């Protein structure tokens, strides 16, 4: 035994032990990109594992054998400087996207490339499970999302952006029809949370809290949960049964919903506290109308109130049919109101003080309305509203000042007559709750009258009261409300379990990007892709659709979805889960701003299972050194310099075992079958054993949301991390459509099978086996064990034969 | 040595000074073993290969013995002949540990002179002498065999003849020594260990032994039957004869994997009741009355035992589809329907019961296996398991030198059928292919059935690379694409049985191993012609 001192820690080691191994054994961090346990040494080591040995200076710990007592520092400034320099060299030669561009703007933080990848593999249920990891209302959002992601989709540089949101809608609809992967709902943990408001934010929070084991009750003023989804957004855009099913899906997890309960009338926060709720989430939305401020504005009807009443079925349609309507403002509320009124055969004009390009809703929404016959009048502001028989509205054109402020041009004033005028300028959170009780009165407000929360923890000035959604940030989109609800759920969970509030590490600095703007993008990369037309949703004919409230847009078919999903360029790195390089950059705090902006090597796609992107290669040569078949030709010249040239090619000796992919510390080598960017710490490594030959290789099966993502070798005897092609790539059979899923039965082999319950099937088996035993004796029966089933199962099968049927007629496939 | 399992572990391949591969093409069938063999050869290990086909390892062999299919026993006895004749055997070991040497010596010397061996095997005597001397004079030699040795009428004798070589030279109980049968399927070892055989109870214990039966009764509370059980081939024969009426097949597609399928199908359709339990609809489903859907490896927990007796735990990763259930649960529920109060709630409870009836599993339980596997025998909770058998002696005191008899293949090429068909496995597929054909990566690599033929034969018959060919005999016809391969000797064709649309087993000979009734997959006569 030798005593080794690393950073003030006294350790014992055997003579000849590698310094790097000693440190790793003890959990002391020393970075390395090229070290392999098999003792192989690269021609040019990465050099990151340097440490300082007292009296000897800087050494590489991967090749330093301990022979005497030494003192080692792994964090010496000199050491750090060397590592930093090496890493900067590697960064300057790296070209790729750590994360897909679509990922960044999504408020929900959805793994977009991942769920599209699942669709491209035909695994729609897994796709939905990945979405629902962060978004429990996918069918709704899939219809109403403004799509922050699509404008940045790289595919647009080839032809047109991928129809991301329509794909989300497709899987949500598909699973509504065909069922979802089962969720694991934990038993209740005894802690109670009250949520005030059953809209998207409240429902999302409820969903995530219930999945963490909390007992959740939602209080809502309406009879049914859903908030604006159910009562605000018209059915032709978001059908009521879609919302109903989606909301039921959440409530059925075991979330209590108390409808018709109005905060301030039926209960106060004090009541909730006394009822034993450890935390309360306020998510009542933004229902206070914005006003424009012109003479007679109060005479106009409220668009929001109309939509809500209409949603509840409390509007007398006849009172509105065939009217001439003016709508002031061009918010979502305005356009949705306009489209509802078109269906009541009204003549509708939307009046907006700014230009068409300045509207806050997507232009496609305006397109739908226009095609339905809504008239839009832009750069026109209201001056005065007078009520007579109808409404007399004075309008004027507007212009922009040099400071881009809106200026009304009074000299252009003109008059319009309407049967009815609505105001729809958007909505704000209300502060009327202050009067609801003592605790409410204590809640602090921001200067603008919105509730004050800690933006990190989502807590109000009362630590046990949280707030989320439109109530906090004013009227925004559903996906933003969902994201806010999810964050609040995490914070409430931490709060109730007295855990520190989690703060997501900001890693943008370490995200390599092939280019953020189109003009800085290397078009050589785009040349790898063949143009393919974007799939569009079918839109029902306007003349037909304005006669009813049925959904206007018809979702993708399976084929369309599959085709569309395959348009994804897979920008995000599909090796990010195994990227040691990124981990080291984060640990050593080396940013990637100076990465290469041009593609240097063509992406090699000729291997049947493995994609090679040498633009991401760090020249560690681990692949070469771990290949048992010497099947990789690899060379690097001028390593670590801008003149670096890497040559990589699989030779004919390759048998597709995939050892090189698993060992590659970046996304230079990736499995073609893996289309889901994921992180290892958000997936479950499951110990498994290969189901094929008799060698019995140990495997790790990587599972996320009840779906297998990939299989890797496990470092245990007999295989010690290695596998053959079947072990690593032969696991997809488990989700084949051919799987037997129900017991089948028939009286005669000339009949067709019919699906039956287990009860009936096993009764039938028992009855017939006993009948035959009784008639012909036990020797007329036989039982076969399997070479694929477990020891325990084979044991039980022969026990069944021997103890119950009293026969030794047992055999197994030892002969095949 | 009584049980069909490797006496050492795969790592011992690296400790051997000489490897003798006979009837195993591990490059395709056991790739991880092949990796270890390769590594051993890289370090200077010597190699003898006996295989009719010039497999990849033949290129690296010191001696390559291209024997005729079905002549394993003559070849191995011929090697023994040289060892005994030249006195190269380990005299000390033979004296202390070996039984029946006199009779064996007489048998080998009198019956297996190299002239006769050469006539059977087609191998020149000097090559056999070279192999024998190289084997017997090495310090640590390991014999590996696969189904190329076993799937013959004299398959069991072949295994005995191979083990005899190790016995003669004292290659037992030491690192890098012994005999290693490479098991074809991932838990075929376990299925046998667990008593999935007609002649033994779990742990290879005999139900003829009163003491054994009593021990089982203490745990199972039931009397055990003593009437000899039937092997599957016997069951099928009896079914044809109307004496055998019902079969319950779990994870075993008899109608696709058995040899001489035509007869198997007739037997299955003659049953009054057939239950199949599987993850996909097996071909046997055609004859079944009840089909029970079961969970696959990723959907349940349990243990498998590999070819080196290593019991390994696998954990549930995902849920089974639809109503499918783990097999242990199905059997448990059936037992309850039959009026027995089985109440296992997990496979780990079953594992504990195995340890109660078989001492070899005494120390094996799931919680011990969470990290890594254990090789049986593992006698108790503190026992580390056994990586090498026979380090301290032999179960029956001495090793018996069996007189390995030669039974020639049932069929020989003749005027009507001029080719010998040998069935083999490919790297990309496994067994009947039900799982690998449904894994897109593997199917893309190897999408359709191929038959390998010598280029000269192909030229003579007008068969081009990739051409559709018909392979037929009296039992049936099957279509493949031809792959011209000079590693295949003239007169032989090689193919697999991975594909439903090329049921090679239809063509397989009705021959069975004399002792174990393994079908003679390796020698069937056929004709081949372009379509």
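A few remarks follow.
- A search for C-beta distances below 6 Å between a residue of the range A:788-806 that is more than 7 Å from chain B (Cβ to nearest Cβ) and any residue that is assigned to a helix (DSSP H, G or I), counting only pairs 6+ apart in sequence or on different chains, returns A:805/A:773; A:805/A:778.
- The set of residues in the range A:734-754 that are facing chain B (nearest Cβ under 7 Å) and either outside any loop (DSSP other than H, G, I, E, B) or closer than 27 Å to residue A:124 by Cβ (or both) comprises A:734, A:736, A:738, A:739, A:740, A:741, A:742, A:743, A:744, A:745, A:753.
- Scope the range B:484-497; condition part of a strand (DSSP E or B) and either within 26 Å of the chain's Cα centre (by Cα) or outside the structural domain of residue B:452 (by TED's automatic domain parsing) (or both); matching residues: B:492, B:493, B:494, B:495
- A single member of B:315, B:333, B:349, B:371 is within 14 Å of chain A (Cβ to nearest Cβ) and in contact with a helix residue (DSSP H, G or I) (Cβ under 7 Å, 6 or more places away or on another chain), and it is B:333.
- All positions within the range B:296-305 that are assigned to a loop (DSSP other than H, G, I, E, B) and out of contact with any helix residue (DSSP H, G or I) (no Cβ under 6 Å at 6 or more places or on another chain): B:300
- Positions within the range A:757-769 being facing chain B (nearest Cβ under 7 Å) and out of contact with any strand residue (DSSP E or B) (no Cβ under 7 Å at 6 or more places or on another chain), in sequence order: A:758, A:762, A:763, A:766
- Identity of the residue in the range A:154-201, surrounded by 23 or more Cβ atoms within 10 Å (Cβ to Cβ) and touching a strand residue (DSSP E or B) at 6+ places or on another chain (Cβ under 6 Å), that ends up farthest from the other protein chains (Cβ to nearest Cβ): A:196
- Whichever residue in the range B:260-273 is more than 8 Å from every other protein chain (Cβ to nearest Cβ) and not in a helix (DSSP H, G or I) and, among such residues, is surrounded by the fewest Cβ atoms within 10 Å (Cβ to Cβ): B:270
- Residue check: residue A:550 meets all listed conditions (1) more than 30 Å from residue A:139 (Cα to Cα); (2) assigned to a loop (DSSP other than H, G, I, E, B) but one, namely (1).
- Selected residue (criterion: modelled with the highest pLDDT) from residues of the range B:154-189 that are touching a strand residue (DSSP E or B) at 6+ places or on another chain (Cβ under 7 Å), within 14 Å of another protein chain (Cβ to nearest Cβ) and within 18 Å of residue B:515 (Cα to Cα): B:159
- Of all the residues in the range B:215-232, those that are farther than 12 Å from residue A:799 by Cβ, free of Cβ contacts under 8 Å to residues at least 12 places away in the same chain and facing chain A (nearest Cβ under 8 Å) number 2.
- Taking the range A:188-293 as the region of interest, the helices (runs of 4 or more DSSP H) fully inside it that hold 2 or more residues being farther than 21 Å from residue A:142 by Cβ are A:200-211, A:269-274.
- Count - residues of the range A:394-453 that are surrounded by fewer than 17 Cβ atoms within 10 Å (Cβ to Cβ), assigned by TED's automatic domain parsing to the domain that holds residue A:376 and part of a strand (DSSP E or B): 7
- Check on residue B:469, assigned to a strand (DSSP E or B) and away from every other protein chain (no Cβ under 14 Å): yes
- Only a single criterion out of (1) out of contact with any helix residue (DSSP H, G or I) (no Cβ under 6 Å at 6 or more places or on another chain); (2) not assigned by TED's automatic domain parsing to the domain that holds residue A:661 is not satisfied by residue A:615, namely (2).
- Residues that are assigned to a helix (DSSP H, G or I), under 30 Å from residue A:437 (Cβ atoms) and out of contact with any helix residue (DSSP H, G or I) (no Cβ under 7 Å at 6 or more places or on another chain) are absent from the range A:313-327 altogether.
- Count of residues meeting criterion [without any contact (Cβ under 8 Å) to a residue 60 or more places away in the chain and either part of a helix (DSSP H, G or I) or closer than 30 Å to residue A:597 by Cβ (or both)] in the range A:63-100: 6
- With respect to the conditions (1) at positive phi; (2) surrounded by fewer than 13 Cβ atoms within 10 Å (Cβ to Cβ), residue A:469 falls short on a single one, namely (2).
- Considering residues of the range B:237-255 that are in a helix (DSSP H, G or I) and surrounded by 24 or more Cβ atoms within 10 Å (Cβ to Cβ) only, the residue farthest from the other protein chains (Cβ to nearest Cβ): B:255
- Selection within the range B:318-330 - touching a residue at least 40 places away in the same chain (Cβ under 8 Å), facing another protein chain (nearest Cβ under 7 Å) and more than 25 Å from the chain's Cα centre (by Cα): B:324
The values are calculated or read from the model by the stated rules, or taken from the named source; none is laboratory data. Please read all numbers here as calculations on a predicted model, not as lab measurements. As a convention, Cβ positions derive from the backbone with ideal geometry for all residues, glycine included, and neighbour counts pool all protein chains shown.
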